[in-house]
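The values are calculated or read from the model by the stated rules, or taken from the named source; none is laboratory data. Predicted model only: the values in this text are computed from it and were never measured. In this analysis, Cβ positions are derived from the backbone assuming ideal geometry, glycine residues included, and neighbour counts consider all displayed protein chains.
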Amino acid sequence: MKIPVFLSRSPVRALLVFAAISPLAAQTPAPLPKAVVEKPIPGKLKNGERPWQELPEAEVEKIRAALPDKAQATPAKPRKLLVFYRTDGFPHASIPHWNKCIELLGQKTGAYTVTLTQNYDDLLPDKLKEYDALFFNNTCRMKTPEPVKAAVQDFVKSGKGWVGNHGAGDSWHDWPEGKEMLGCKFVCHPFGAIQIKVDDPESPLTAVFGGKSFPHRDEIYAFTDPYSREKLRVLLSIDYPNSPEVAKSEETLRKRAAAPEAKDRDREFLAAVRADKDYALAWIRPWEKGRVFYCALGHSAEVTFDPAMVKFYLAGIQYAIGDLKAADGAVATGPDRPGAD
């Protein structure tokens, strides 16, 4: 099967459904359930928010089936998580699934309670002081007001947490400190079918994967600076030697950039081809007194039906909140890094 190279933010392509394959699902022939997403994606209101519809109960039940029974760590106290799901750029159709998944995950496990918002005012200091961590749900190309930038930085640096899924990696192209905290700059999403390597098998965050690589299919992001293993503790990355479609997509990017009819965008996307073949997918890092967890997986709503991925996200949230202790110092690139063969 030929995997398409996703290089645009086309709404048509955005509504394609990807079948995510988890380590648990890979043990049986049955695939994960397919998601039914809202079509068309709702347009912006005057205040920049989108009037997403309530998720149908049939979709909620698919999410419930993937939830773990308990939290990985016992909360030190009642925790509050603010889920911010505004997007000033590309709107992911999976946003309502992720909102419901993170909400139900906290309810069932008792790890935290959730407040959902699209309002920038809720990211100002007088509101943020109520919360232990932020979860940015597919927040692409944010037009973040300056007071909010300062508030988010102060919040995390003071000892709180920040979590981002998929599109959150494409949030801040105009904010160097935001990109530095996140740990990357999004280039494009050229890959689809991949094998995922567990880079830090000793981490409690990756315990659900049992140290084994596994297949996955989604819209896979590629990043450039400030991404560096000198700054981040990478948890998951593309198992490059066992992901042949990635090399094919790299060659497609090279050809498009070299073509006589190449556009500036084609040449910009060439930055996605990493000479070191180090395509990271999830990482953690300390940010002064606070903690950051980012995972690039989650374009498709089906990821919220995947028990392994949902449990991985729960571990990431609990790390960011401060209840799940984990080594988060950077591990330098090299053949002996955790997870290397």
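Before moving on, here are some points about what is shown:
- Condition met for residue 220 (closer than 21 Å to residue 243 by Cα and in contact with a Leu (Cβ under 7 Å, 6 or more places away or on another chain)): no
- Of all residues in segment 92-130 being hydrophobic (A, V, I, L, M, F, W, C) and in contact with a Gly (Cβ under 9 Å, 6 or more places away or on another chain), the one that is farthest from residue 317 (Cα to Cα): 95
- In segment 150-169, the qualifying residues are those that are of a type in the set (Gly, Ala, Ser) and in a helix (DSSP H, G or I), and the one that is surrounded by the fewest Cβ atoms within 10 Å (Cβ to Cβ) is 150.
- Given (1) part of a helix (DSSP H, G or I); (2) more than 19 Å from the chain's Cα centre (by Cα); (3) within 22 Å of residue 295 (Cβ to Cβ); (4) among the aliphatic types (A, V, I, L, M), index of the condition residue 111 fails: (1)
- Test: residue in segment 88-105 that is among the aromatic types (Phe, Trp, Tyr), touching a strand residue (DSSP E or B) at 6+ places or on another chain (Cβ under 6 Å), touching a residue at least 24 places away in the same chain (Cβ under 8 Å) and assigned to a loop (DSSP other than H, G, I, E, B): no
- All told, residue 133 falls short of being out of contact with any Phe, Trp or Tyr (no Cβ under 9 Å at 6 or more places or on another chain), surrounded by 20 or more Cβ atoms within 10 Å (Cβ to Cβ) and under 30 Å from residue 214 (Cα atoms).
- Checking each residue in segment 170-210 for being among the hydrophobic types (A, V, I, L, M, F, W, C), in a loop (DSSP other than H, G, I, E, B) and crowded, with 20+ Cβ neighbours inside 10 Å picks out 172, 184.
- The number of residues in segment 156-179 that are out of contact with any Phe, Trp or Tyr (no Cβ under 9 Å at 6 or more places or on another chain), of a type in the set (D, E, K, R) and either modelled with pLDDT of 90 or more or under 24 Å from residue 131 (Cα atoms) (or both) comes to 1.
- Segment 214-230, subset surrounded by fewer than 17 Cβ atoms within 10 Å (Cβ to Cβ) and in contact with a helix residue (DSSP H, G or I) (Cβ under 8 Å, 6 or more places away or on another chain), residue nearest to residue 32 (Cα to Cα): 224
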